[in-house]
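Here the structure comes first, spelled out in structure tokens, and everything after it is commentary.
The values are calculated or read from the model by the stated rules, or taken from the named source; none is laboratory data. Keep in mind the model is a prediction, meaning the values are calculated, not measured. Every residue, glycine among them, receives a Cβ derived from its backbone with ideal geometry; neighbour counts consider all protein chains shown. To get the accessible areas, we keep the full protein, side chains included, count just its heavy atoms, and leave off ligands, DNA and RNA. Shrake-Rupley method; radii C 1.70, N 1.55, O 1.52, S 1.80 Å.
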Amino acid sequence: MQIHSIHLKNIKSHRELDLDFSPGINVLSGPNGVGKSTIFEAIGYAMFGVDARDFVGNIDRFVTIGAKRGDIAVVFVIGEERYRVSRTVGTPAKWLLAREVGGEFEVEEHKDIGETEGRLKELLGLEGARPLAEQFKLVIGPFQHEFLGPFVIKQPTRRRDKFDEILGIDSWRKTFSETNGLLKAIQNKVEVLQGTIGPMQDQVAALPEKRELHKVARKELSATEASWEKQQQTLKELEVRLADSDQREQGIKEFGVEVDKLKERIGNGKEKIGSQKTLVAAAEKAKQILADNRAGKDAYEKAGQQLTELRDQVKKQRQLEQELAELKTAVSRLDGRLKAEQAGIAQTDEELEAVEKGLAEKRQSCVVDEAVAGLAARLPAIREAISTVQKQLGQLEGRRVGLEEGEEKLAEGICPFFQEPCLNIADKPPGDVFSDKFEGLDQERQRLQVELQKLKANEVEANTASERVKANEIQLRDLTEQEKSLTQRRLANKERVLVLETLRKEHTAAQQNVATKQKELEAFGQLQADIERIEAEQKRYQGARDLFVANQEQAGQLAGLQDAQRTFEELLQSLQRELADKEQALAEASREYDAGQHQALKSQKDTLRQEVGALGQKVAGLKVDVERLAGEIDTLKLLEQEIASKREQVRSYGEKEDLVKFLRNRVFRNVSTSLSERFREEISQRANRIYRIIAEVDEELAWGEDYRIVLRDMVDGGLRERYDDQLSGGQTMSAVVALRLAMLQTIGARIAFFDEPTSNLDVTRRENLAHAFRAIDVGKEEVTEHWYDQLFLVSHDVAFTEVTDQIVSLDQERGGASS
């Protein structure tokens, strides 16, 4: 198995990185902070499924700052097959395994990440119950300080548990510990069951007694129910007889009540007839008073009608006075408006005349001189002439450049086209021919430049004149707008004059209305005197009118009162006849009723009710006792069944307890210890050979009980054993590296990762460690057989440059790598 290459995108400090690896030993070098350990983390994340939070705590920190997701792809080779495993960091998270087919990678179909992990275990040769991520974190790829941690744990139990977990044998010890709780739970369950059986047996012992009590209670209930039914029948017969006596007694009482009511009504009727006669007499007197005062009442009402008419006239008078006041107010308001409007119109006329005069003066000042206007009109022609002169100057310059090139080429008198003596200058030197032409060009150029200066001066003057003409045009347009506004204001002022004329008409009409209203008010001059005269006449007839009104209602009731009196007298006679009939019926009912016999029947009924009630209560109580005893008997029967069930449970739990004790004492306790001894013995043998190469001393390395590091040597002819807490930092690190290499071989790992394995080692040990790695790589027998396909190391140590198969240098500035 070989990791061929890795691709990182947006992973921590690596924006985009591609690395290729060789078989054997690969060393990653570079300055601190360049991201060497990130390569190991990325391989663990993609190939072994390690959670990114195990490296950085917060998964967002595993992605490059500013990026939302990262990508890792690792290509590895198994035999002749090439595979690519890729995993994303962020959302959505994908973990894909692809196999190369025909030069392209095809993704394998897996239902979930569990199936993907299982496939990777199969390919990497790491199949087993332990997840890939744990194998990487514990043995294959831990950082050196993390792997060193378990060796320096002081507590033996904690150190043993940690290495059992690393070696994958902790499940037996955990099972032994966890089954102790199961054993105690079973024993506790048996104790609880046995504790509950005793009290339940005490309760069941009362079952025969309860059955005898239930039988006696049922017999007594039957006898009591027979007596109760007999007494109930006697009570019913007595109640029938008593009901007849009650009915007769009730009839006598009802007759007595009716007689008393009739007597009371007859007395009330007599009083009512007396009162009615008094009311009839008073009504007849009131009727006479009405006849005596009718004339005075009519005179009073006539005077009142006249006063009403006069008061209506007063209302009209007040209405006219109010309208007159409003008209006078309107006249006053119109006076003020007329004066204000006249003044405003006059003032506006003056302002408009002043504005018109000012506009005329401004328009006169805006007249442009004909010479200035003519100069402004020439501006386009001047600019056209300037352009023409400039173009001629450009052409002259081009001709001069051409002559200069020709002069250079004909300096020797040779034609540049035919490469033979030029016949055009056969009779004179080349310099004389070109001198005349250059002189002509210079004279023409000087003339054009003088002409151009004059044209530019004319352009400045014409441009100034044009700007002045434009400014005057703008000012004239503004003056035109102001004149339009002035015309509108004149029209508005004329409209105000028309409004003023309308106001004058309204003012005249209002004054005429004031005069009309004043004339109408003169007709109401005697109104108050007429009112006072009629009021005095009404007061003279006030007494007669009051007497008439006071007795009018009573006199109107006379006929009704007389009819009511006749009705009352007829009703009284009817009541007297009814009273005589009721008194006769009462006498007959009294003769048929015996009060003593009635009272005796009531006493007998009360006695029988008490006896029946007592018997009923006794029956109810006996029923309750019978039901209670039946329920207690049923409950005790259930307790008998429950006791039998619990005894069966105690027997079953006893069998389970024996089985758990057997497994704990014969299986779980011994398996972990046996496996630990076998692993430590095998690892110690391999680690000892590696350690001797690294340390170059005559010391034996052993992995002792509770996984303690032990170094054995001979001192003064005797065996000396030193444990991990007695060793130097270099000795401890050498032993740890040797043990880890041996452990990797034991668990069957084909690749491994070491982060700064030479820390705490001196120069000699660092060099020896490098040679030990190479010795393992080539499979020297004195060290160990070759067991790995690739080793990856992060190191700054030059000792590895001689033994490595490839050094990958990471560049911090470029974020890239070189081999």
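Quick rundown of the values:
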quantity	calculated
Over the chain: helical MRE at 222 nm, DSSP H runs n ≥ 4 each giving -39500 (n - 2.57), nearest 500	-25000 deg cm²/dmol
Solvent-accessible surface (1.4 angstrom probe) belonging to Asp54, in square angstrom, nearest 10	80 Å²
Distance (nanometres) between label positions extended 7 Å along Cα→Cβ at Ala371 and Ala205	15.4 nm
Compactness relative to 2.2 N^0.38 Å, alpha carbon Rg of the stretch 424-552	3.91
Probe 1.4 Å - accessible area at Asp298, Å² to nearest ten	70 Å²
Backbone HN-Hα couplings from phi across the stretch 392-397 [Karplus 6.51/-1.76/1.60, Hz, Gly and Pro as x]	5, 4, x, 5, 4, 5
Dmax and Rg, reported as Rg then Dmax, of the chain (C-alpha, Å)	68.8, 196
Computed label-point distance, nm, for sites Arg490 and Gln155 using a 7 Å Cα→Cβ extension	11.5 nm
Whole-percent carbon and sulfur share, accessible surface of the stretch 31-186, 1.4 Å	50 percent
The stretch 311-399: Rg to Rh, with Rh as the Kirkwood radius over Cα pairs	1.78
Using θ = phi - 60° and Karplus 6.51 cos²θ - 1.76 cosθ + 1.60, couplings along the stretch 504-518 (whole Hz; Gly, Pro as x)	4, 5, 4, 5, 5, 5, 5, 5, 5, 5, 4, 5, 5, 5, 5
Spin-label proximity, Glu483 to the stretch 331-362 - amide N less than 15 Å from point 7 Å beyond Cα toward beta carbon	355-362
Whichever lysines have a C-alpha closer than 26 Å to that of Lys316, once near sequence neighbours (fewer than 8 apart) are set aside	Lys302, Lys328, Lys517, Lys519, Lys539
Extension gain from Lys519 to Arg678, taking 0.36 nm per residue of separation minus the Cα-Cα distance	42.7 nm
Separation of the Val624 and Glu439 label points, Cα + 7 Å toward Cβ, nm	15.9 nm
Computed Kirkwood radius, in angstrom, where 1/r is averaged over Cα pairs of the stretch 669-733	12.7 Å
Contour excess over end-to-end distance, with Cα ends at Gln511 and Arg447 and 0.36 nm allotted per residue	13.4 nm
Kirkwood Rh and Cα Rg combined as Rg/Rh, the stretch 537-679	1.80
Förster radius 56 Å - calculated FRET efficiency between Glu405 and Glu16 (Cβ-Cβ, nearest 0.05)	0.50
³J(HN,Hα) computed for each position of the stretch 186-203 - Karplus, 6.51 cos²θ - 1.76 cosθ + 1.60, integer Hz, glycine/proline x	5, 4, 5, 5, 5, 4, 5, 4, 5, x, 7, 5, x, x, 5, 5, 4, 5
Calculated FRET efficiency for the pair Ala529/Gln305, C-beta based, R₀ 30 Å, to 0.05	0.95
Distant-in-sequence amide H partners of Val63 (H built 1.01 Å from N, under 5 Å)	Lys12
Residues Ala226 and Asp634, FRET efficiency given R0 of 30 Å [Cβ-Cβ distance, rounded to 0.05]	0.60
Linear extension gain, Ser590 paired with Lys602, 0.36 nm per residue minus alpha-carbon span	2.4 nm
Size-normalised alpha-carbon gyration radius of the stretch 253-328, reference 2.2 N^0.38 Å	2.65
Paramagnetic reach from Ala550 (point 7 Å along Cα→Cβ, amide N under 15 Å) across the stretch 295-313	297
Probe 1.4 Å, all protein chains present, accessible-area order of Val368, Val56, largest first	Val368, Val56
For the chain: relative contact order, % (alpha-carbon pairs under 8 angstrom, 6 or more apart)	26 percent
